[in-house]
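Structure first, commentary second.
The values are calculated or read from the model by the stated rules, or taken from the named source; none is laboratory data. Predicted, not measured: the structure shown is a model, and the values here were computed from it. Heads up, the Cβs are rebuilt from the backbone with ideal geometry, glycines too, and the neighbour counts pull from every protein chain shown. Note: accessible area is taken over every heavy atom of the protein model, side chains too, but ligands, DNA and RNA are not part of it. Shrake-Rupley method; radii C 1.70, N 1.55, O 1.52, S 1.80 Å.
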Amino acid sequence: MRDIEARIEAAEALIFDCDGTLLKTPDLYALGWKAAFGAAGLEMDLDWYHVRAGMSEHVLMDEFEAEKQVTLDRAQTVRDLRKAVLQQMHTVEEIPAIASIAREYHVHKPVAVASGGPHAIVVPALKAAGLFPLFKTVVTMDDVVRAKPSPDLFLLAAEKLAIPETACLVFEDSPQGLLAAERAGMSAIDVNDLM
């Protein structure tokens, strides 16, 4: 833990992923996807989703369509997903080990969220958990063309914070997010090692 504290102190800014990093949302999304696919008459195993937690909506639907050999009405599937998730948003909980870092350091240095989730879910989730006021900026998949593992989200967050990317420290839970941070030239902490 001492090494992590030193890395945090050395960073000029902290950038947090949201789902699975700051917030316990994977189960919420899993049930949302199950409901959305179910509305289209399709089955999805919850374990199938959990292996893909953290993927952006369209990347996840790409995999679902390829594996099931189906074509989704993507706009309707996304509407059904978001509706199901928002209906349960009041149940969202923070991940204390990571949220406490944001709480402690937001007064000392700029902190941001860079999430592969949509703005329509990420902002309400952060607000429901009481974390939204901590962040100087929140960027989501709606703000970039390419999802993680592209570095675009992290680079945009650094730009909005006006901090060089090499001076940012990222907190991430997913392999694609960690790869995105690396591609952005940023140091990253795998939060799975902290929980």
LEU60 being among the hydrophobic types (A, V, I, L, M, F, W, C) and at pLDDT 95 or above: no
Matching residues in segment 15-32 - criterion: being surrounded by 24 or more Cβ atoms within 10 Å (Cβ to Cβ) and hydrophobic (A, V, I, L, M, F, W, C): ILE15, PHE16, CYS18, LEU22, LEU23
Conditions (1) surrounded by fewer than 16 Cβ atoms within 10 Å (Cβ to Cβ); (2) free of Cβ contacts under 8 Å to residues at least 60 places away in the same chain: number failed by THR91: (2)
Top-ranked residue of segment 158-176 - restricted to ones that are part of a helix (DSSP H, G or I) and touching a strand residue (DSSP E or B) at 6+ places or on another chain (Cβ under 7 Å), ranked as nearest to HIS106 (Cα to Cα): LEU161
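Conditions (1) outside any strand (DSSP E or B); (2) touching a residue at least 60 places away in the same chain (Cβ under 8 Å); (3) buried (at least 20 other Cβ atoms within 10 Å of the Cβ), marked per residue:
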{"position": "ARG103", "(1), (2), (3)": "yes, no, no"}
{"position": "PRO124", "(1), (2), (3)": "yes, no, no"}
{"position": "LYS148", "(1), (2), (3)": "yes, yes, yes"}
{"position": "LEU156", "(1), (2), (3)": "yes, no, no"}
{"position": "LEU178", "(1), (2), (3)": "yes, no, yes"}
{"position": "ASN192", "(1), (2), (3)": "yes, no, no"}
Selected residue [free of Cβ contacts under 8 Å to residues at least 60 places away in the same chain, farther than 25 Å from ALA102 by Cβ, open to solvent by 60 Å² or more (accessible area, probe 1.4 Å) and acidic (Asp, Glu)] from GLU43, GLU5, GLU65, GLU9: GLU43
Considering residues of segment 46-62 that are surrounded by fewer than 14 Cβ atoms within 10 Å (Cβ to Cβ) and among the hydrophobic types (A, V, I, L, M, F, W, C) only, the residue nearest to SER115 (Cα to Cα): VAL51
